[in-house]
Structure formats: C-alpha cells, structure tokens
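Input: a single structure, listed below in structure tokens.
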Amino acid sequence: MTQVSHQQWGEAVGLGPVDLWVLQSSQVRVEVLTLGGIIRSVCYRGKDGQMEDVVLGYDHLEGYVSDKRYLGAVVGRVANRIARGRFVLEGKEYQLDINNGPNALHGGLRGFNKAIWHATAVEGGVQLSLTSPDGDQGYPGEVQVSVSYTLQGETLTAEYQARSTKATPINLTNHSYFNLAGQGAADIYDHTVSISAQSYLPVDDSSIPTGEIRPVDGTPFDLRKPLLIGPQLKEVPGPGFDHNFCLSSPGDTWTERHAARVCHPASGRVLEVSTSQPGVQFYTANFLDGSITGKGGVRYGKHSSFCLETQNWPDAVNQVSFPDCLLRPGEDYKHVTRFTFTTV
C-alpha cells in the first residue's frame with residue numbers, strides 16, 4: 001500500500017500557496033510540489049541499506065520559484081526546443097518567446113514549470129491539473145492538462161493527458177535530474193547507462209535537430225549495451241549528451257516501451273525508465289556550472305546528474321518527417337512514463 005499525505009509548503013509570491021505531497025511505499029518515498037508539478041525528491045535504499053535522495057532540488061520554495069534549470073519540473077506546452085520559436089499551423093505563423101539562444105525552450109518564459117497546479121488525491125498518488133489559456137506563451141488554443149503521479153512498490157508512474165480547443169503542438173515531460181549516488185554527489189562518471197534506441201537525432205550548433213535520423217551503430221551514441229558514463233562523455237562532441245534517442249519510428253503504434261537503464265554499481269541503485277513516447281532526451285547536466293546551491297548547501301556542477309526526458313522529438317512541429325506533435329480539438333493527448341527504482 002502507498003501512503004499519500006500533503007501539507008502546505010510555502011507561499012510563492014504572486015502565485016499563491018504551494019503544497020507538498022508525499023507518496024510513500026515500503027521501498028520508495030517521493031515528494032511532489034504543486035508548483036510546476038515538481039518531483040522534489042525520490043528516496044530509496046542502496047545495497048548498504050542507506051536511504052538517499054537521488055533527485056536534485058532545493059531546500060526551500062524560493063529556490064524553485066527562481067530556478068532556471070527546470071529541476072524536477074513538468075515542462076510544457078512543448079518540452080525541448082522549437083527552432084527560432086516559430087512554426088506555421090493551418091496557414092498562420094506563430095512566434096513564441098525566445099529563451100534559449102535563438103530558440104524557444106520548454107514552453108517559454110513562464111511555462112508549466114512556473115504554474116501552480118490544482119492537486120487532487122488519487123489511489124496511490126496525486127493528480128495535478130492546469131488550464132493553459134488560448135495564447136499562453138504564444139501558443140494557440142485553451143489547453144486542459146493533467147499529470148498523475150502514482151507510486152506502486154518501487155515504480156513511480158507519470159500519466160499525462162491534455163485536450164485543446166484549437167490545434168496546438170504539445171509535448172509534456174518531467175525534467176528531473178538524477179544522481180543515484182545521492183543528489184549531493186559530485187558527478188555521474190561512475191554510473192552506467194543503456195538506452196534502447198537504434199538511432200538518434202544529430203543537432204546543429206543551437207541544439208536543433210538537423211532532420212537526419214542517424215543509426216547509433218559505430219557512434220558514441222550507441223548505448224544499447226551498458227557503458228560507463230565518464231569515459232563515454234569523452235567520446236561525445238561538445239559538452240556532453242543532450243540528444244534525442246529514437247525509441248520508435250514515425251507512424252509506429254502507440255505502445256509502452258523500455259527506454260533506458262542507469263546503474264550506480266557502488267551503491268547498487270538502478271533506475272529503469274519505460275514510456276509510450278517516441279523519444280527520450282538523455283542530458284548530462286552540461287549547463288550546470290556550480291552557480292546553483294541545492295539541497296544541503298551542495299553546489300550543482302557540470303555532469304553532476306542526468307535527465308531522461310521522455311518526449312516527442314525536438315522541433316517536431318517544424319519537421320514533417322518527425323512524429324506528429326499536434327493536438328487537435330476533440331482529440332486526447334495521453335502518454336505514460338514509468339520510473340522504477342531498484343537495488344542490485
């Protein structure tokens with residue numbers, strides 16, 4: 001049985017009260033904030049029996065209010081990047097906020113990560129809901145969104161749903177940063193990773209996919225067998241991994257697939273991720289630079305953590321060969337991602 005409780009955690013200036021929800025099973029303890037749908041912590045035991053929090057975050061609400069790195073948050077309407085913040089839909093051009101070099105990133109200047117969500121208890125967890133008005137951050141249509149976090153044993157499930165009054169791009173994910181040694185550990189070089197992808201998306205200088213779907217064979221992006229992250233980072237061009245791995249092809253049937261497995265051999269902690277989304281962005285915290293002070297006064301540096309952002313492919317609204325990212329009136333957007341936390 002999962003125990004679910006909640007309490008007020010603070011007041012976000014200009015936004016209102018923020019609640020903290022706690023989901024507790026016999027193996028895992030998860031904290032969720034109504035601000036941004038943020039996963040604030042995930043605690044579970046290593047092989048030495050010690051409980052550790054494996055999610056980066058802040059001790060106080062002010063950290064999350066001012067956070068610019070999306071720590072633990074639900075990002076939307078559109079996770080990842082849209083080239084030059086522009087797209088054409090039904091003959092009309094839309095211009096979004098530019099907030100990442102020349103591009104739009106993670107929904108805009110005030111995306112879903114900065115909204116306070118309405119929370120309702122559900123069996124084994126919490127459902128968070130939000131209304132995004134027509135024109136929000138430049139996007140068309142009023143969108144009703146919900147994210148349910150439920151904990152069963154060692155598995156945390158995130159179920160996303162949305163409906164819109166107009167055709168609009170949508171791509172929701174969670175942006176938790178993990179370190180299986182514990183959120184205060186210096187880096188992830190001693191973790192192993194495997195990702196169940198035959199291909200990945202090469203990107204240009206501003207991290208927009210070039211349009212090519214490239215096989216991972218013979219590249220540093222071949223993570224189909226477990227590899228140690230530290231040495232592999234030396235093989236990747238640029239500051240690290242920040243790439244979409246293709247879990248399925250455009251037009252494939254909607255189904256849940258195994259996406260990734262990360263293991264920290266020293267502690268025995270393992271994270272496995274499965275999803276119905278066609279891609280996963282593997283990101284190695286390349287842009288954390290020690291300027292963020294997190295839980296316990298720890299400064300989060302480069303490669304201090306990893307993200308596995310289950311998603312549609314980046315810039316899909318502008319790339320006709322990518323999986324369709326449009327939600328149309330009368331349609332239901334839905335996908336599921338499961339995070340399973342075990343020890344070996």
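The values are calculated or read from the model by the stated rules, or taken from the named source; none is laboratory data. Keep in mind the model is a prediction, meaning the values are calculated, not measured. Virtual Cβ from ideal backbone geometry, glycine too; neighbours counted across all protein chains shown. These area figures cover heavy atoms from the full protein model, side chains too; ligands, DNA and RNA do not enter into them. Shrake-Rupley method; radii C 1.70, N 1.55, O 1.52, S 1.80 Å.
Here are some notes:
- Relative contact order for region 26-99, counting Cα pairs under 8 Å that sit 6 or more residues apart, in percent: 20 percent
- Between Ser66 and Gln7, the FRET efficiency from the beta-carbon distance, with R0 = 22 Å, is close to 0.50.
- Legend: translational diffusion of region 121-215 by Stokes-Einstein, Rh = Kirkwood radius over C-alpha pairs, 10 °C, 1.306 mPa s; D = 92 µm²/s.
- Mean Cβ count within 10 Å, highest first, over the residues of peptides 179-187, 332-340: 179-187, 332-340
- Residue-span extension gain [Asp222 to Gln24] - 0.36 nm each, minus C-alpha spacing: 67.7 nm
- Accessible area in square angstrom per residue, the chain, 1.4 angstrom probe: 40 Å²
- For region 3-343, a crude dipole built from +1 on the beta carbon of Lys and Arg and -1 on the beta carbon of Asp and Glu, taken about the Cα centre, is about 200 debye to the nearest 20.
- Highest-first arrangement of 165-171, 231-237, 317-323, where packing means the average Cβ count within 10 Å: 165-171, 317-323, 231-237
- The alpha-carbon of Lys302 sits under 18 angstrom from the alpha-carbons of these lysines, leaving out residues fewer than 8 places away in its chain: Lys68, Lys234.
- For region 251-301, chymotrypsin sites (Phe, Trp or Tyr not before Pro) meeting the loop criterion (DSSP other than H, G, I, E, B) and having at most 16 other Cβ atoms within 10 Å: Trp254, Phe287.
- Just the protein heavy atoms count here, and of the accessible area of the chain at 1.4 Å, carbon and sulfur take up 48 percent.
- Projecting the Cα positions of Leu15, Thr192, Ile98 onto the charge dipole of the chain (unit charges on Cβ atoms of Lys, Arg, Asp and Glu, taken about the Cα centre) puts Thr192 furthest along the positive direction.
- Qualifying chymotrypsin sites (Phe, Trp or Tyr not before Pro) in region 117-179, where qualification requires a DSSP coil assignment and no more than 11 other C-beta atoms within 10 Å, are lacking entirely.
- Loop-located GluC sites (Glu not before Pro) in region 151-222 whose Cβ has at most 15 other Cβ within 10 Å (DSSP): Glu212
- Entry note: region 3-343 has Rg to Rh equal to 0.94, where both radii use alpha-carbon atoms and Rh is the Kirkwood radius.
- In this structure, the pairs whose alpha-carbon distance is over 30 Å, taken from Lys166/Lys295; Lys114/Lys166; Lys114/Lys225; Lys47/Lys334; Lys47/Lys114; Lys47/Lys295, are Lys166/Lys295; Lys114/Lys225; Lys47/Lys334; Lys47/Lys114.
- Among Ser321, Val273, Ser248 - extreme Cα towards positive end, dipole of the chain, charges at beta-carbon: Val273
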